[in-house]
Amino acid sequence: MRILYVTAFAYPYPDANVKIALRLAAEMNRRGHRVELLALANDLPPAPSIPLNGITVHLAIPAWCRLDTLFKKNQGKRAKKVRHLLACARHPAWALAFASRKEPRADRFVQRLELLRRMKQLAKQGSWDAVLVQCQPCLAWELAPHAFHGLPLYLHQLDPFADNLHYLPYPRKVALRRERFVLDAASHIFTTPLLVAAGEQGELGGYLSKATAVEFPCLVEPSGDRCASPFPADGALRLVYTGVLNDEYRSPAWLLALCEKVWQQEPRFQLHIFGTNQSDCLHTALGQPPAWLFYHGQIPPEQAQAATLAADALVNLGNTYPNMMPSKILDYLATGRPIVNICKLENCPTLRLTEHYPLALNLADGSDIHSAAAALLSFLHTNAGNRLSFSQVEALFPQATPAFVASRMLAVMESDKEHIR
């Protein structure tokens, strides 16, 4: 089968959802199928299509990527004004957004237009057997039925869409209507066990007959030889976080207060953060960065993996949404390292995994800080540097391997293809 997989941001750095798409594509290609990706670019790429981990990735390049590159060498106010004027001339929505200073929403609008244009272009060019689309609000996934007339359309619903208010690029009623339109159009829905378990009262009420539960396919044995450890051999006790920080659904405030208490008792303690600090929430929570905190910003995936492998322990921040789990918890599990799991909710979705992992400490965000600090310090002293083998982890969570997930998806797609014949 020839499959086009529409996913998220692949250039310059692939985000967590693109990594999922790449892993599934590689596994499906290994089984004799041909899977190509369509993704967004956040910077000007060298070509409209690039190879990424051996997979062909077609890129949707919004106009502002070209504008940003044009003015990258001149960051003065005049250059910024010219850039915005050119963008406004290309897309009237930018003019309204610029006037009301709501640029992120305008960015999203431009991304969606460009992605839809690219979808229609690829629909005309290729003889696809099926289209697999990740459900994310920054994508034009709800417009996919318009772009791919007559092709089997499969949804890979990594997160609920309309129920999570932070994600909505437009009013909730509109979001729900658009979501239902695509659920109606979909041949099948591959979604998380959480949404299937919610039953008819959940997000997929009325659509469970064409839904299959699949885990995030993130349990992949890490390659430790791609990058050297970013840390010196200085005896420090390092806790590492990778991913997005966000004040609305993944605030680090309680974690940072916890780390301060731990550092007061253990001067060797350090927290290293690799990833995106949205809305500058680190500065909001701390003001001046303390001596124990090291923020490295966004780095290439192989460097982030090297950091997780070199850590004494990893820390995961749960989300405030009960039906949405950070996929990186499975990336963490794949390393075999000790994991400190900060739960924002009593029924945090991560618990169904971490409660079965022998090197995990689950802490409730907002609980007594002194008791939590004592528990964390004891956990670090007992487990720092310990590691399960990948085979041990795989035996615990076989349903999270790309091979398992790809086999379930392909079984549905191939069955549908036989019925069409």
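The values are calculated or read from the model by the stated rules, or taken from the named source; none is laboratory data. These figures come from a predicted structure and were not determined experimentally. We place every Cβ from the backbone using ideal geometry, glycine too, and count neighbours over all the protein chains shown.
Just so you know, in the stretch 165-185 the residues that are more than 12 Å from Gln134 (Cα to Cα) and surrounded by 19 or more Cβ atoms within 10 Å (Cβ to Cβ) include one that is modelled with the highest pLDDT, and it is Leu183. Residue check: Leu151 meets all listed conditions (1) within 18 Å of the chain's Cα centre (by Cα); (2) modelled with pLDDT of 80 or more but one, namely (1).
Residues in the stretch 197-246 that are buried (at least 16 other Cβ atoms within 10 Å of the Cβ) and of a type in the set (Asp, Glu) were compared, and the one that is farthest from Ser187 (Cα to Cα) is Glu215.
Can you name every residue in the stretch 317-340 that is of a type outside the set (Gly, Ala, Ser) and either closer than 25 Å to Asp234 by Cβ or in contact with a His (Cβ under 9 Å, 6 or more places away or on another chain) (or both)? Show your work before the answer.
Of the stretch 317-340, the ones of a type outside the set (Gly, Ala, Ser) are 317, 319-326, 328-333, 335, 337-340.
Result: Thr320, Tyr321, Tyr332, Thr335, Arg337, Pro338, Ile339, Val340.
Every condition in (1) surrounded by fewer than 21 Cβ atoms within 10 Å (Cβ to Cβ); (2) modelled with pLDDT of 80 or more; (3) under 22 Å from Gln157 (Cα atoms) holds for Leu52 except the one numbered (3).
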